[in-house]
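Each value in this text was obtained by applying a stated rule to the coordinates, not by laboratory testing. For clarity, every value in this text was computed on a predicted model and none was experimentally measured. Cβ coordinates were reconstructed from backbone atoms using ideal geometry, including for glycine residues, and neighbour counts include every protein chain displayed.
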Amino acid sequence: KEIVQLPQGPSDTIKVYASVNGKDTIPWVILPAFVLTDRMPRNMRRQVEEWNRLRYAVYVTYPYARAAAGILRDVDAHLAHMPDQRERKKYIAQKEKELKAQFGNKLENLSIYQGKVLVKLIYRETGSDCYDIIRQLKGGFNARLWQTVAFSFGGNLTTPYDRQEDADIEAIVQEIERGGYYSGYRYN
């Protein structure tokens, strides 16, 4: 490919790319790309909306799930060295107070849908469901109480995370871990 000046009138000479094949010179121009679309079918539009809703929920809740996993590891490490039940309860109450100060308002502002996604992501990050975590740290009565609250809003604290069943969530998490779709989100 070479630039060839095609003969034109005296004041309208335009330089264009051209292909020369023997004695033939064939001019060509690169046009800007464009996308020709028709209206999206209703069922496809619904699928895209559901995907975007899930993506947003995962992007909002994934940092909390990662933080929960780290905090639970710390709490488990501290509790392993505390044989006295009174000290354990005092430590858990102190940690709960710190967590409410740090995350309370943010978690209270999550939608029910985002809460359901968070429960699955916490299971993914910790390997145990929220009901068991609450039962281990706060006791069976508190776990049943929070399970009842979750159930009344259509949730379930014992919801497991299955990489095959929750493949969409897993794909979004992998996207986040590769660097994120939105440039403002970075998780380490």
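Points worth noting:
- Think of the chain as a dipole: +1 on every Lys or Arg Cβ, -1 on every Asp or Glu Cβ, centred on the Cα centre; then among Ala93, Ala68, Thr159, Ala93 lies furthest on the positive end.
- With distances taken between every two different alpha-carbon atoms, the chain has a Kirkwood hydrodynamic radius of 21.3 Å.
- Under 15 Å from a label point set 7 Å out along the Cα-to-Cβ vector of Leu145, the amide N atoms of the stretch 67-97 belong to 93, 96-97.
- By the Cα gyration tensor, the stretch 66-128 has an equivalent ellipsoid whose semi-axes, rounded to whole angstrom, run 25, 15, 8 from largest to smallest.
- Most tightly packed first, judged by the mean number of other beta-carbon atoms within 10 Å of their residues, the peptides 123-135, 37-49, 95-107 read 123-135, 95-107, 37-49.
- Cα-based Kirkwood hydrodynamic radius, the stretch 18-84, one decimal, Å: 18.6 Å
- Remark: C-alpha extents of the stretch 73-179 on the principal axes read 44, 34, 26 Å, sorted largest to smallest.
- Backbone N within the stretch 115-148 under 13 Å of label point (7 Å from Asp168 Cα along the Cβ vector): 117
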